[in-house]
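Peer 1: Shown below is the structure under consideration.
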Amino acid sequence: MFLRAIGRPLLAKVKQTTGIVGLDVVPNARAVLIDLYSKTLKEIQAVPEDEGYRKAVESFTRHRLNVCKEEEDWEAIEKRLGCGQVEELIEEAQDELTLIGKMIEWDPWGVPDDYECEVIENDAPIPKHVPQHRPGPLPEDFYRTLEGLISDSKTKIPAAATSTDPQLKE
């Protein structure tokens, strides 16, 4: 019993490096994540309940917090969440806390229902270097195949409409 209580933390794998330049190993990553996720859930309470942003943040933060509470090992946390290394998760959580503060400051959900946005139409030509996301022409084979299918279906449809066809009975 004594060895399990004392030996397990000593036998835990120690991460030597993240393999990402500029991202240092956090030895107590699980505790840091639990603290950050708890702070996030407290901060997000300032956002109105019916806002999609709040719902999304609460949902993924609760899930991540539960995983961190259930798992003791950093490897298990990384594997269950599947969102990168725990050090990356720490950076994401810190960024989310910063964003929550900015969202509260900007108050994007405070726009009145009767607010009308000015639409500016600009008929200026689109520069050639800007992609227009329009698909190019389809190959000739496509059109030939399409014509063949259309002509085949025109000849088969009248025959299929007869009530004597045993395949169309319900």
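The values are calculated or read from the model by the stated rules, or taken from the named source; none is laboratory data. In this text the structure is predicted, and so the values were computed from the model without any measurement. Heads up, the Cβs are rebuilt from the backbone with ideal geometry, glycines too, and the neighbour counts pull from every protein chain shown. Protein only, heavy atoms only, side chains kept; ligands, DNA and RNA dropped before computing areas. Shrake-Rupley method; radii C 1.70, N 1.55, O 1.52, S 1.80 Å.
Peer 1: Look at residue 72 and say whether it is open to solvent by 70 Å² or more (accessible area, probe 1.4 Å) and among the acidic types (Asp, Glu).
Peer 2: On the way: open to solvent by 70 Å² or more (accessible area, probe 1.4 Å): yes; among the acidic types (Asp, Glu): yes.
Yes; evaluated as a whole, the condition is true for this residue.
Peer 1: Can you confirm whether residue 77 is closer than 15 Å to residue 92 by Cβ, surrounded by 15 or more Cβ atoms within 10 Å (Cβ to Cβ) and in contact with a Ser or Thr (Cβ under 9 Å, 6 or more places away or on another chain)?
Peer 2: Details: closer than 15 Å to residue 92 by Cβ: yes; surrounded by 15 or more Cβ atoms within 10 Å (Cβ to Cβ): yes; in contact with a Ser or Thr (Cβ under 9 Å, 6 or more places away or on another chain): no.
For residue 77, the condition - closer than 15 Å to residue 92 by Cβ, surrounded by 15 or more Cβ atoms within 10 Å (Cβ to Cβ) and in contact with a Ser or Thr (Cβ under 9 Å, 6 or more places away or on another chain) - is not met.
Peer 1: Which residue out of 56, 93, 31 is out of contact with any helix residue (DSSP H, G or I) (no Cβ under 8 Å at 6 or more places or on another chain), within 30 Å of residue 110 (Cα to Cα) and not acidic (Asp, Glu)?
Peer 2: Numbers: 93 fails: out of contact with any helix residue (DSSP H, G or I) (no Cβ under 8 Å at 6 or more places or on another chain); 31 fails: within 30 Å of residue 110 (Cα to Cα).
Going through 56, 93, 31 in turn, the sole match is 56.
Peer 1: So which residues in segment 27-64 are within 18 Å of residue 98 (Cβ to Cβ) and among the hydrophobic types (A, V, I, L, M, F, W, C)?
Peer 2: Hits for segment 27-64 are 32, 33, 36, 41, 44, 46, 47, 56, 57, 60.
Peer 1: Look at residue 137 and say whether it is at pLDDT below 90 and on the phi < 0 side of the Ramachandran plot.
Peer 2: Details: at pLDDT below 90: yes; on the phi < 0 side of the Ramachandran plot: yes.
Yes: the conditions hold for residue 137.
Peer 1: Oh, and also: Select, from 36, 99, the only residue that is open to solvent by less than 30 Å² (accessible area, probe 1.4 Å) and modelled with pLDDT of 95 or more. Step through it out loud before you land on a result.
Peer 2: On the way: 99 fails: open to solvent by less than 30 Å² (accessible area, probe 1.4 Å).
Residue meeting the stated conditions: 36.
Peer 1: Continuing with the same structure: Within segment 122-152, how many residues are open to solvent by 100 Å² or more (accessible area, probe 1.4 Å) and either more than 30 Å from residue 53 (Cα to Cα) or touching a strand residue (DSSP E or B) at 6+ places or on another chain (Cβ under 7 Å) (or both)?
Peer 2: Step one: filter segment 122-152 for residues open to solvent by 100 Å² or more (accessible area, probe 1.4 Å), giving 122-123, 125, 128-129, 133-135, 137, 140, 144, 147, 149.
Filter once more, so that each one left must be either more than 30 Å from residue 53 (Cα to Cα) or touching a strand residue (DSSP E or B) at 6+ places or on another chain (Cβ under 7 Å) (or both): 122-123, 125, 128-129, 134-135, 137, 140, 144, 147, 149.
The qualifying residues number 12.
Peer 1: Would you be able to say whether some residue in segment 14-22 is of a type in the set (A, V, I, L, M) and open to solvent by 90 Å² or more (accessible area, probe 1.4 Å)? Step through it out loud before you land on a result.
Peer 2: Looking only at segment 14-22, we keep the residues that are of a type in the set (A, V, I, L, M), and these are 14, 20-21.
Then drop every residue that is not open to solvent by 90 Å² or more (accessible area, probe 1.4 Å), which leaves 14, 21.
Looking through segment 14-22, at least one residue is of a type in the set (A, V, I, L, M) and open to solvent by 90 Å² or more (accessible area, probe 1.4 Å).
Peer 1: Quick check, is residue 67 over 21 Å from the mean Cα position of the chain (by Cα), at pLDDT 95 or above and not in a loop (DSSP other than H, G, I, E, B)?
Peer 2: When the stated conditions are applied, residue 67 does not pass them.
Peer 1: Looking at 75, 91, which is the one that is more than 17 Å from the chain's Cα centre (by Cα), acidic (Asp, Glu), outside any loop (DSSP other than H, G, I, E, B) and under 17 Å from residue 32 (Cβ atoms)?
Peer 2: On the way: 91 fails: more than 17 Å from the chain's Cα centre (by Cα).
Just a single option satisfies the conditions, and that option is 75.
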